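As structure tokens, the structure follows; a few thoughts come after it.
Readers should treat all values here as calculations from the given coordinates under stated rules, not as data from a laboratory. Quick caveat, the model's predicted, so the values are computed rather than measured. A quick note on method: Cβ atoms are made from the backbone with ideal geometry, for glycine too, and the neighbour counts reach across all protein chains shown.
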Amino acid sequence: MLDENKKLIKEVIEATEEMKLFSPKTINSNYIIEINDYDEAEFLAYENLQYEINSEKGYSWVDLRELVMSEVYEEKYRIENYQEFQEEMNEFKRLLDKNLKISDEYIDSLDDVYSDLSDCIICRGLYGKNNSIFEKMYYIYKSGGWPCGWSGNYPEGKLIVFYPREE
């Protein structure tokens, strides 16, 4: 793995130390649709089976993310130093797990947050900074949001993001 890519991974790990997950929005972005209802966000993340990928409907939010990562894993398994890469990724993921903190109100989403940020780390390890969905999700998490769905025919469209209402 390139040293430059390790710096990018460490950026994510260090950001998680200070991340204020599930907090009011701190960014403006043209690639998101904001929602403020957590029940709606949970429905979109865990129950909705109407997502569209390459003009084919019937996918869940989990399916969409797993499909994207399946392509990344194909590439990961082909790298020459796969075992070394995997060991480094596991160490970074341990640090990520240690750093993530979520209020009890949103604890049901912790696995999603961990999975998305782990996938961002893997993508950065392989490709550096790119325009992947996981790179966008990293910036959303950094801004306090929770990516919970997709609007449009993936890869065209926008992320649906939950931000709590400002109090």
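Of the labelled figures (i) 109; (ii) 202; (iii) 121, only one reflects volume of the Cα convex hull per residue in Å³ as derived from the coordinates, namely (i). For the pairs Lys7/Lys93; Lys101/Lys142; Lys25/Lys98, note any where the Cα-Cα span goes beyond 19 Å. Check vs 19 Å cut-off fails for Lys25/Lys98.
Give the long-range amide H neighbours of Ile35: residues separated by 5 or more places, or on another chain, with amide H under 5 Å away, using H modelled in the peptide plane at 1.01 Å from N. Close amide H contacts, sequence-distant or interchain: Val161, Phe162, Tyr163. The long axis of helix 133-142 is offset from the longest Cα principal axis of the chain by roughly 70 degrees.
With the charge dipole of segment 1-150 set up from +1 on Lys and Arg Cβ and -1 on Asp and Glu Cβ about the Cα centre, the Cα lying farthest toward the positive end among the listed residues Val62, Cys120, Gly149 is that of Cys120. The helix-only estimate of mean residue ellipticity at 222 nm for the chain, built from DSSP H runs of length n ≥ 4 each weighted as -39500 (n - 2.57), is -17500 deg cm²/dmol after division by the residue total. Between helix 61-78 and the chain there is an angle of about 10 degrees, using the helix long axis and the longest principal axis of the Cα atoms.
In segment 1-134, a dipole from Cβ-located charges (positive for Lys and Arg, negative for Asp and Glu) runs towards its positive end, and of Ile33, Ile102, Asn131 it is Asn131 whose Cα lies farthest in that direction. Relative to the longest principal axis of the Cα atoms of the chain, the long axis of helix 110-127 makes an angle of roughly 40 degrees.
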